[in-house]
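In what follows, a structure is listed as structure tokens, so that the remarks can point back to it.
The values are calculated or read from the model by the stated rules, or taken from the named source; none is laboratory data. Bear in mind that the values here come from a model prediction, so they are computed numbers and not experimental data. Here Cβ is always computed from backbone atoms with ideal geometry, including for glycine, and neighbour counts include all displayed protein chains.
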Amino acid sequence: MRRNELAMPNDVLLIIPAYNEEKNLPGILSRLKSRFPEMPILVVDDGSSNDTREIAREHQVNIVSHPINLGYGAALQSGYKYALRRKYSYVVQMDADGQHEIEDIEQLLQPVKEGRCDLAIGSRFLHPQSYRPPLGRLMGIWFFRKIIFWLTGQSLTDPTSGFQAMNLRVFQLLGDNFPVDYPDADVLLMLHYYRIKILEIPVRMYASQGGSMHQGLWRPIFYMGKLCLSLLVTFSLKGYFRKIEAQSSDQKILDFKQP
């Protein structure tokens, strides 16, 4: 094994949702293959109109393709369902735009495998060398950070981070309950009601090399309004989530153990 190669158990699946990422995907997959040659990788091509799928095939990774663009959340949900069918024990998810640091995958996964949490979220705000988003994006993150703290009592510095590691219990839940566009604070609130233990880990992040969903004036405003509505709906279903969680614990309706 070369010095830069690190062994990664094959019970961990890395999910990369990708939409028109032909420019960034080759470099990311090459670095992943070099760093973690044994780790299974799944690229979820969300209806790309360029060579995203062909690039993934050239790098000999697993591929799931949507016939049309269904959204970031739908791409992740396809990845979770794939992980469930293939009986993986852990999932790591990262974006295909070069924003997330490959070398941080191990430290993100470690607390999950050690049982210290069910979901580990990579936080750019806990790492001194991470890129800081522009002011408008920072204000949105701050806003949802406060809402999450108000509703759950848990302080999360980066509730919109897409760099995450999770155990079977979490992606089994998310395989059935997940927004189709951009899952953020509403998903964290739902997981809190399911008594999922969440921990933040310092990670390095960089400026996105692709397009942003927050470009323009009205799109981020629309996004924040829709997410606030989603949070309100999730909050109103608190009793339902608690009931399902209690039933799954007492009657073992959901079996989170690996077959």
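Brief remarks on what is shown
- In segment 83-97, the residues that are crowded, with 19+ Cβ neighbours inside 10 Å and either in contact with a Cys (Cβ under 7 Å, 6 or more places away or on another chain) or not acidic (D, E) (or both): A83, Y88, Y90, V91, V92, Q93, M94, A96
- Test: residue in segment 51-71 that is closer than 29 Å to H192 by Cα and part of a loop (DSSP other than H, G, I, E, B): yes
- Every test in (1) modelled with pLDDT of 95 or more; (2) in contact with a strand residue (DSSP E or B) (Cβ under 9 Å, 6 or more places away or on another chain) is passed by M8 save one, and that test is (1).
- Residue, surrounded by the most Cβ atoms within 10 Å (Cβ to Cβ), within segment 55-72, restricted to residues that are more than 27 Å from E103 (Cβ to Cβ) and out of contact with any Lys or Arg (no Cβ under 9 Å at 6 or more places or on another chain): G71
- Some residue of segment 28-37 being among the hydroxyl-bearing types (S, T, Y), surrounded by fewer than 18 Cβ atoms within 10 Å (Cβ to Cβ) and more than 18 Å from the chain's Cα centre (by Cα): yes
- Residue list for segment 108-144, filter: of a type in the set (D, E) and over 26 Å from F171 (Cα atoms): none
- Residue match in segment 130-140 (condition: surrounded by 17 or more Cβ atoms within 10 Å (Cβ to Cβ), modelled with pLDDT under 90 and touching a strand residue (DSSP E or B) at 6+ places or on another chain (Cβ under 7 Å)): yes
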